[in-house]
Structure formats: C-alpha cells, structure tokens
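Contents: one structure, followed by commentary.
Just so it is clear, none of the values below were taken in a lab; they were calculated from the coordinates. Every value quoted in this text rests on a predicted model; they were computed, and no experiment measured them. Because the Cβ atoms are built from the backbone with ideal geometry, glycine has one as well, and the counts that use them run over all protein chains shown.
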Amino acid sequence: MAAVEVRNGYKYYGSKSNPKIVLNQLNMNVMRGSIYGLLGASGCGKTTLLSCIVGQRCLNGGEVNVLGVKPGLPGSGVPGSRVGFMPQEIALVGEMTVKETVFYFGRIYGLTDERIRDKFKTLKDLLQLPPARQMVKQCSGGQQRRLSFACAMIHDPELLILDEPTVGLDPMLREKIWDFLVETTRNSKLAVIITTHYIEEAKQANCIGLMRNGVLLAEDTPTNIMIKFGTQSIEDAFLILSQRQGNEDELVQILDQNRNQASVPTATLPTEVIDTHEPNTMEKPPFRHEVVESENRKKIFFTTKGTIKALMTKNFVQLFRQPSGFIFMLFFPIIQLSTFYLAIGLTPKDLNLGVFSGEVKSYSECFDDNLITVFNANDSCQFNKLSCRFIQELDDDVATRKYYATESEALKDAKRVNTVGYIHFAHNFSESLYALMEDGIHAPDGAVDNAEIGVHIDMTDQQVAFFMQRKLRDKFSNFMEKVVEECNASKALVELPVQFQDPIYGSNDIEFQQYCAPGVVMTMVFFLATLMTATVFISERMDGIWDRTLLAGVSATEMLWAHLLTQLIIMTLQSFEVIMFIGLVFDTYNKGDTMTLIGLLTMTAFCGMLFGLFISVFCKTHTEANFVATGAFYPMIILCGLLWPLESMPGFLQDLVMVLPFTIPSISARNVIEKGWSITNEKVYNGFLVMAAWTIIFFALCLVGIRRKA
Ligand SMILES: Nc1ncnc2c1ncn2[C@@H]1O[C@H](COP(=O)(O)OP(=O)(O)OP(=O)(O)O)[C@@H](O)[C@H]1O
C-alpha cells in the first residue's frame, strides 16, 4: 500500500508568466514499510518535493496523496503527528538543552511526558545523543544532526522524511542509522523518504528515485536500476541517465518507456524541452483521500493547551538563556531611562557669565564686608555701588561670574564662547537708578539708559539663553525689591503689574523633563517591544524553527498566541519596572493612579509588540526589520508632540498627527501624572482607545499577512 503518491507533480517559483519550474510532471510512489532514497544533484528540486509532500508548500499542478489524505487538510495529521520531518538545516533552538529539545518536540506532537522519557532513552542510545543537559549550541554539527533526527522520530510517525540526515556524520554512525531504518521499516509500516548526496549508501533503500532538473528520471529498486543500465553502482547508473537527459532523442525514448509503466514517472523531459504551461493530468482517476477522522480534530483541540505551554516554555528558555536578550529586556529600559532623566530637561548648571561694572575699579570692592549700598535718611535714599549688590545677588545657581576690567574684554571672551554672555553696568549705574526712582518720568534721558543692566547673550543655544534671561529677570526683581524695602518705599514701585498667581495645574518651577517624560517612556517601551518581537520572529523563521514547528502540526495561530502571551508577561513586568524605577530612583511624582499608568504602558508595549510582528511578517531579514523600525521611530518622536507642543505645528498637521499612536496616549499619560485625572476622564481613556485601535490594526494586518503567506 502506498504511503506517498505524487501524480504529475508540477511546481514553479516566481510568476506564472515567467515561471522557474522546479518539479516537472513528476510521479512518485513510496510504499509503506519501505525506504525510498531520493537522489539528485543539488538544486534539482528534492527539498521542494519533500515540502509539497508534507504540506508545507502546494503543488501548482498534479496531486499528492500522503497516508491516504491530502496534505494540509485540517485534522489530517499531515503536517502533524503522522509525519516526522528532519529538515536540511538544524532547525533547533540553540539555547535549549538536548533533553528540553526532545521534550519540546514530544509535547508539540502531543505525547505524554512519560512516553517522551521512554522514547528519549531509546533514541539516546541508538543515536549516541550528547548529554541531556548539554545546550544545543554547544553540540557539534554532527551531534546537532543526530538530535534533529531524534526529534523527527520521537512520536513514532507513520511517514518519516529525512532531508540529508547523514551529512557530517561519521561512517559508523551513518551505518547505524541506516541499519535502524532498515530494521524499523522491515518490522513496521513506517515509510521513510530519505535524500542523500552519498549515492552509494542509498543501496540499502527499497526503492530509489533518481531526480534531475525537477524530473524523476527513474524509480526502481537499486538492483533493478543497476541491471537496467548495466552498471556496477547506482552512481554510474545516475551518470548514464543524466547524460541521456541531455540528449533529446534518448529522452523521448525514456519518456515512452516510462509512459508504458503505470507507476513510474511519466515525464522525463528536461525543463528546457517539456511544455510546462499546463501540467499533464493524464487519464488516471483522482486520488480517493481517506475521510479525516473527527477523533483527530478532537485530539488537536485538546493538545492546544499543552502545545501553547511547550511553545511558551521554549520562548522563555530562549530569552532567558541568551545573556544579551536578558540584559536587553531588563537593563536596557533602566539604562535608557537613566540617561534620559540625567540628560534631558534639567536646569543648566556650571555656566559662565561675564560681568563688567564701570562703577568699580576693582571687584574686590564689591566683596568688602563694609560695603553699604543703600543709605536711608530723611525719607530719601542714596545708592552706592548698587552694581556690586546685584553681583552679590547672582549666586552660583545662576552662573559662575567672570569679572572683566573692560567691556571689550568681556565681549571678546563671550565671542570665544568662554562665557554664555555678559552683563554690564554703566559707570553711574547707582546714581542713574537713584535719579530714576526719585524723579520718575522727569528723570533725564541719560539716567534711564544708564540705570539699565545691559545683557548680551549668545542666543545660538536657545535653551541656555532663555534660562539666563529668566534668571536675570528674577534676580533683578529680587534685587530691586530689597533695595526699595531698605528705602522704606513700597514694593509696588518696582513690581511688574502682571502677577502670575498659583498655577491651575503643575507648579511654577516645573522642569521641561516632566513634559517630555511620558512620551519618551512610551516610545521607549513601544520600540523595545517592536525590536524584541521582530528579532525573535525573524530569527525563528531564518533558523527554520518556525517551519519545523508548523510541520509538527502546530498552527501559526497557536505559535502567534504563545509568542504574544510570553511577550505580554514580559511587557507587564517591564512596565512595572519602568514606573517603579522612575518613581523611586528619580523621585518622579504621579498625582494620578499608578495602575492606570502601568495599564497604559503595558498596552503601549503590546501595541509595539504587534508592530514588531507586523514588521517580521513583511520583512525577510533583520536588516530590513531594523530599517522599518528605525524609520518609524523618528517620525513618531518628532510628530507626536512628545518633545515640542503640538500647537506650534501648522493646523493641518495637528489634525493629522492626532491619529498617530503616541499623540493622544502621551497627553493621557500627562493628564494622569500632572493633573491626577482618572481613567473615567475622557482625556485619559482616549489614550487607551487610540492604543487599542492601533493594536487591532496591527493585529489584523499581521493576520492578513500570515494567511497570505500560508
Ligand atoms: N523559495 C524559492 N524561491 C525561488 N526559488 C527557489 C525557492 N526555493 C528553492 N528555489 C529554487 O528551486 C530549485 C530547487 O531547490 P531545492 O531546494 O528544492 O533543491 P534541492 O534538490 O533540495 O537542493 P539541495 O540538495 O542543494 O538542497 C533551486 O534552483 C532553488 O534555487
């Protein structure tokens, strides 16, 4: 009875108009209880044929029947527990131990732990597996191959497909594996398809298929093949066949011969000659596939829980055993937050400010303890060296003062950027100020000018310049208030008629850091999740683990859920860590509910994770994924009002950026932190809604992408 039948198999890569034909009207029969050696040069289409047999790929024409079912039908067990597949690449998780790897595959195939333990014992001896606790990445190439073989065998499949299993193994072990396969197929119904480059070892197979350029040139027992071509070895027979394939007349002959045999290949023309546009369906009746047992469906449904558990265990092991992954996950947020809180938005310190006063010959006069600046007698005041008094008012929290003998020297140093600028006082600053206070609007013009403190600032560093301007204004105001107080005059004389009362929200000394912190933390958490997810998924796909797990019968949806759940746990912990860290270490206040913030941050991370998944679905390599993630990061930082108020943007842009994932959520976070609003407030829950909407959009796009690829 046939385990695998391929009829007129036709497969191409590329577009229909310009196809690259890989399987060309190929016929193949693999009997139960036998070994089928599939031989052929590199690139002839062996792996493609195997992937169509296990349901990983679909034929473009022709039919496949595997164990009585059409591969890929839900509940058919193909791909799944009825088939064992050992791919060409190792496709194992490097961070798992040998034992964990065997248990992982056993569990996703739905085996009980006891059964896995028994099987592991047998396979360990047979295949000389490395020590159970050794990590896969620490195994040699040959050891990894043997382990991969064990994983394909763990569940006693009905069909075993081995793509180059003996590459890199020593002759003794190769022989052992062949002996095992011969013995097992003799005593059971197990069917084995094996591809190999060591043509002579295939002598032990019950049947050999010689393949070239997508065509099966011959299919027979090794002895018959050698007799047919009058050779001593299969290799020579293969050589003769390959030479014949190059000769068109001979080809037609082979084709006729094969057509007369029902079960052997019907098309043996090379790809360049044969008419490939319409696959030949011949007159054979279609396959009668077995009805898929509902029992199988039930089994798959009940094993889902165990599968998710196995997948999640694998994900955690993978993450925690990678030092870089663990450090990235735990310490990267802390490092990023620390750098942000230490570097952004704090008050500038250690600035140098030049000072020139025409009132004094030597600045030591200003620091003379006997210096009296205000004389108050007979309801009038006399001022003496008031510039010194202002200089004393300027303490180190404003800037370190550098004193100059001339204004030109102060200017020269400011131009060399040794100071952020300088202030200067006229030689008659005190008298002019006195005149201004005494005579008011009747004071001479010169007095008005000379009573001013001249400030020259380097405006190229705007933040420092604004800081200096604000500080000088505040200091001047304090200074004048003290002077008029000593003169027994009313403060109202020097106070601005504009009074800033207690703020409605926030405080007068709020730092810029408070404004941008929510946005910075949110983008950090989002893109961290994006990068982690994209990296995990792309690595898994590139290493072949994704495909191998799918071939074990696990659905893409189950794998997706397992990853999402793993990441969700990590993201929740990370959000908690972030909030606690900035609260405890940087003493950041939060007037609102911490759980609301953790919730919003976790949602942000979850959304970032789905964005990472979205990237991994549409990008083939890590480089492409990094380009997309970095490309998205900067527009978000710039456009979402995280660093600069939205109100400064043109109106149309303001409307546009409202739909971006960080604009409204960062406002919500600020509303919680600064205003103490709860989640019931529209301006808080809006942020949750926007994040939820983006999460749904990314999820839907991922599903569409994954289904299209499937
Ligand atoms: N996804 C793909 N897209 C386009 N071409 C592909 C794809 N996969 C394989 N091919 C091409 O199809 C041909 C057959 O590839 P396949 O991997 O099936 O060969 P093979 O016989 O298994 O080779 P090897 O023994 O080296 O593994 C090759 O020319 C290969 O370049």
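Here are some notes:
- Whole-percent P(r), segment 448-522, all Cα pairs, 5 Å bins from 0: 3, 11, 13, 19, 19, 15, 10, 6, 3, 2, 1.
- Approximate spin-label separation Asn18-Asp587, in nm, with each point projected 7 Å along Cα-to-Cβ: 6.7 nm
- FRET efficiency, 1/(1 + (r/R0)^6) with R0 60 Å, evaluated for Leu573 and Val498 via beta carbons: 0.75
- In this simple spin-label approximation, Thr621 and Asp395 carry label points 7 Å from Cα along the Cα→Cβ vector, and these lie 6.0 nm apart.
- Annotation: extensible slack from Ile335 through Ala700 equals 128.1 nm (criterion: 0.36 nm per residue apart, minus Cα-Cα distance).
- If R0 is taken as 35 Å, the Cβ-Cβ distance between Arg32 and Glu114 corresponds to a FRET efficiency of 0.80.
- Debye log10 I(q)/I(0) for the chain, one point scatterer per Cα, at q = 0.05 Å⁻¹: -0.45
- Linear extension gain, Asp461 paired with Ile510, 0.36 nm per residue minus alpha-carbon span: 15.6 nm
- Our summary gives segment 352-493 a relative contact order of 30 percent, counting only alpha carbon pairs under 8 angstrom and 6 or more residues apart.
- Where labels lie 7 Å past Cα in the beta-carbon direction, separation of Ile227 and Asn187 in nm: 3.0 nm
- Sorted fewest first by neighbouring Cβ atoms within 10 angstrom, Leu371, Leu597 come out as Leu371, Leu597.
- FRET efficiency, 1/(1 + (r/R0)^6) with R0 30 Å, evaluated for Lys203 and Lys70 via beta carbons: 0.35
- For Gln134 and Gln654, the difference between the fully extended length at 0.36 nm per residue and the C-alpha to C-alpha distance is 181.5 nm.
- Restricting attention to the chain, close to 55% of DSSP beta bridges with both partner residues there are antiparallel.
- Calculated log₁₀ intensity ratio I(q)/I(0) where the Debye formula runs over C-alpha points of segment 352-493, q = 0.09, 0.13, 0.15 Å⁻¹: -0.28, -0.58, -0.77
- Fewest neighbouring Cβ atoms within 10 Å first, the residues Thr313, Thr166 line up as Thr313, Thr166.
- Cβ screening of the chain for cysteine pairs under 4.7 Å finds these without a partner: Cys44, Cys52, Cys58, Cys139, Cys151, Cys207, Cys516, Cys607, Cys619, Cys640, Cys702.
- Among Lys11, Lys415, sorting on how many other beta-carbon atoms sit within 10 Å of each Cβ, with the fewest leading, yields Lys415, Lys11.
- Those residues of segment 612-628 whose amide nitrogen sits under 20 Å from the label point placed on Leu565, 7 Å along Cα→Cβ: 613
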